[in-house]
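The values are calculated or read from the model by the stated rules, or taken from the named source; none is laboratory data. Everything numeric here is computed off the predicted structure, so don't read it as measured data. Here Cβ is always computed from backbone atoms with ideal geometry, including for glycine, and neighbour counts include all displayed protein chains.
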Amino acid sequence: MAKVTTTRLKNSKPSRKTRETGALYSTLEKSDIEQLGTFADSKQAPIHRWFQYPAGFSYRAVEHTLDQFEIRPGQRVYDPFAGTGTTAVVCKGRCIESFGVEAHPFVHKIATVKVKWDYDFVELEKQAQELQFEIQYTPQHADAIEIGDVPELVRKCFSPRNLKNLIHIREEIAKTSEPYRAFFYVALTCALRQASAAATGWPYISPKSRIQERDGILAFHKQVALMLADLKKTPPDARKTAAHIILGDARATEMEQDQFDLSFTSPPYLNNYDYADRTRLETYFNGFASSWGDITEKIRSRLIMSATTQISRNRFEVDNIISDNLKTLAPALAAELQVKVNRLSKLRNEHTGKKSYDILVGQYFNDITQVLNDTYRVMKRGGNSIWIVGDSAPYGVFVPTDDYIAEIGLAAGFREAKVQQLRTRGDKWRGNTQRHHVPLSESIITLTK
């Protein structure tokens with residue numbers, strides 16, 4: 001009978017399953033393993049560094065996995081939660097075709113540009129120079145820009161002059177032709193937080209916390225130069241390698257079955273992180289959204305359940321929230337989840353915030369079950385699906401997300417599941433009396449078809 005095998009760090013929480021010694025990253029140093037689930041390594045890496053997105057993972061994790069499973073050109077790799085394209089960028093650099101699905105429209109656009117390397121570089125540099133000239137030598141255009149209708153959050157992040165200059169850049173970019181327009185659009189988007197006078201460190205934007213504002217024009221030109229330099233260093237053979245970033249839903253794709261040799265992903269964690277809200281500065285500035293309602297309609301409604309801000313309680317039957325799909329696949333696990341949902345419903349009424357963690361937990365695993373079903377369908381027999389994920393403890397109720405995903409994966413048809421713990425989490429919150437003190441961790445799951 002198939003089972004989950006698990007490797008845990010010393011002095012960490014006990015495993016739900018038996019111990020596994022031949023883990024995927026057992027050959028790496030402990031300090032390197034701890035970084036695999038974070039964006040730290042990617043902050044200075046070419047291409048990956050264009051958009052500083054802390055919800056991402058290390059590109060080194062993808063590289064190591066490709067090596068471990070000896071994935072080569074001619075094979076295919078899949079990422080059901082493509083994000084800003086970490087998996088796709090690594091694969092492209094190795095001339096390996098990849099497919100990624102991303103539901104967040106703005107993040108999808110970032111990833112699409114990050115995997116486009118086959119520009120006419122002479123023309124791209126020419127367009128960059130012409131754009132710089134128009135921006136630098138037509139200040140009167142910026143002077144005439146009205147900012148009264150700009151969303152308040154954006155206005156609070158920049159001085160009036162800097163904001164007008166940034167909008168001027170945006171208007172000049174709109175006059176350029178594709179594919180160069182998209183390249184410059186991403187450069188400007190990536191420069192926004194660099195130029196902000198408000199603290200914009202992830203995950204929050206804090207207009208009341210002021211920092212030294214940078215000139216938006218200089219920040220934009222510096223970003224363009226950085227991106228150009230990175231592109232020129234890409235291997236010529238890799239520039240034509242296909243990297244397909246699909247704007248869609250990983251719960252039900254239209255991709256052909258049995259086509260991928262490897263899947264590598266990191267799904268949204270069950271930690272109430274609102275991906276739609278965290279990109280408000282960028283989406284507001286670019287006119288994709290202008291209000292909380294816009295963000296809910298255009299972004300949140302597309303994403304799997306991972307934040308209480310996505311929840312409208314009257315849409316769910318809390319005491320019977322586990323889907324028929326999950327109940328059929330893994331009845332014991334479904335029953336265990338429902339018990340935790342019921343406990344969270346009771347605890348919710350004992351807390352002033354009344355967060356809907358009960359619905360969040362149930363619906364999260366309903367959605368993940370659909371993704372696992374579809375991922376199993378598109379994987380080749382013998383292929384491996386790798387998941388980096390963190391567990392959680394809403395209101396102190398421990399949810400072993402890694403073990404649950406592994407068990408659902410087995411129920412979906414994968415013949416083997418291994419869980420290796422990468423690092424412990426949550427230590428920085430020890431002094432917060434409002435927060436639980438349940439030990440948490442981040443793990444990597446290997447599902448084999």
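Below is a table of values for the structure above.
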{"item": "Near pairs, Cβ below 6 angstrom, 6+ apart or cross-chain, from the stretch 151-174 (free of Cβ contacts under 8 Å to residues at least 40 places away in the same chain) to any residue that is assigned to a helix (DSSP H, G or I)", "result": "164/142; 168/141; 168/142"}
{"item": "Qualifying positions in the stretch 379-392 - buried (at least 21 other Cβ atoms within 10 Å of the Cβ) and either of a type in the set (Ser, Thr, Tyr) or more than 19 Å from the chain's Cα centre (by Cα) (or both)", "result": "379, 383, 384, 385, 392"}
{"item": "Some residue of the stretch 411-424 being modelled with pLDDT under 85 and either touching a Ser or Thr at 6+ places or on another chain (Cβ under 9 Å) or outside any loop (DSSP other than H, G, I, E, B) (or both)", "result": "yes"}
{"item": "Any chance residue 57 is buried (at least 17 other Cβ atoms within 10 Å of the Cβ), modelled with pLDDT of 90 or more and not in a helix (DSSP H, G or I)", "result": "no"}
{"item": "Test: residue in the stretch 272-288 that is on the phi > 0 side of the Ramachandran plot and either surrounded by fewer than 21 Cβ atoms within 10 Å (Cβ to Cβ) or assigned to a loop (DSSP other than H, G, I, E, B) (or both)", "result": "yes"}
{"item": "Counted residues, the stretch 40-77 - those being touching a His at 6+ places or on another chain (Cβ under 6 Å) and touching a residue at least 40 places away in the same chain (Cβ under 8 Å)", "result": "1"}
{"item": "Check on residue 96, surrounded by 14 or more Cβ atoms within 10 Å (Cβ to Cβ) and assigned by TED's automatic domain parsing to the domain that holds residue 168", "result": "no"}
{"item": "Flag if residue 296 is part of a helix (DSSP H, G or I), touching a Phe, Trp or Tyr at 6+ places or on another chain (Cβ under 6 Å) and not assigned by TED's automatic domain parsing to the domain that holds residue 383", "result": "no"}
{"item": "Residues (surrounded by fewer than 18 Cβ atoms within 10 Å (Cβ to Cβ) and not polar (S, T, N, Q)) located in the stretch 171-189", "result": "171, 174, 175, 178, 179, 181, 182"}
{"item": "Matching residues, the stretch 324-378, being touching a strand residue (DSSP E or B) at 6+ places or on another chain (Cβ under 9 Å) and among the polar types (S, T, N, Q)", "result": "375"}
{"item": "Residue tally, condition touching a helix residue (DSSP H, G or I) at 6+ places or on another chain (Cβ under 7 Å) and either more than 23 Å from residue 82 (Cα to Cα) or assigned to a loop (DSSP other than H, G, I, E, B) (or both), over the stretch 382-406", "result": "5"}
{"item": "Which listed residue, of 352, 375, is assigned to a loop (DSSP other than H, G, I, E, B) and either under 18 Å from residue 304 (Cβ atoms) or of a type in the set (S, T, N, Q) (or both)", "result": "352"}
{"item": "Given (1) within 22 Å of the chain's Cα centre (by Cα); (2) crowded, with 23+ Cβ neighbours inside 10 Å; (3) part of a helix (DSSP H, G or I), index of the condition residue 109 fails", "result": "(2)"}
{"item": "Residue count for the stretch 393-430, restricted to those that are over 23 Å from the mean Cα position of the chain (by Cα) and among the β-branched types (Val, Ile, Thr)", "result": "1"}
{"item": "Selection from the stretch 320-334 of residues that are among the small types (Gly, Ala, Ser), in contact with a helix residue (DSSP H, G or I) (Cβ under 8 Å, 6 or more places away or on another chain) and assigned to a helix (DSSP H, G or I)", "result": "334"}
{"item": "Candidates 247, 270, 262, 228, filtered to the one that is of a type in the set (A, V, I, L, M) and touching a Gly at 6+ places or on another chain (Cβ under 7 Å)", "result": "262"}
{"item": "Residues that are in a helix (DSSP H, G or I) and either in contact with a strand residue (DSSP E or B) (Cβ under 9 Å, 6 or more places away or on another chain) or over 12 Å from residue 243 (Cβ atoms) (or both), drawn from the stretch 75-106", "result": "86, 87, 88, 89, 90, 91, 92, 105, 106"}
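Here's the yes/no breakdown for (1) more than 11 Å from residue 270 (Cβ to Cβ); (2) out of contact with any Leu (no Cβ under 7 Å at 6 or more places or on another chain); (3) without any contact (Cβ under 8 Å) to a residue 40 or more places away in the chain:
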site: 350; (1), (2), (3): yes, yes, yes
site: 356; (1), (2), (3): yes, yes, no
site: 379; (1), (2), (3): yes, yes, no
site: 389; (1), (2), (3): no, yes, no
site: 392; (1), (2), (3): no, no, no
site: 400; (1), (2), (3): no, yes, no
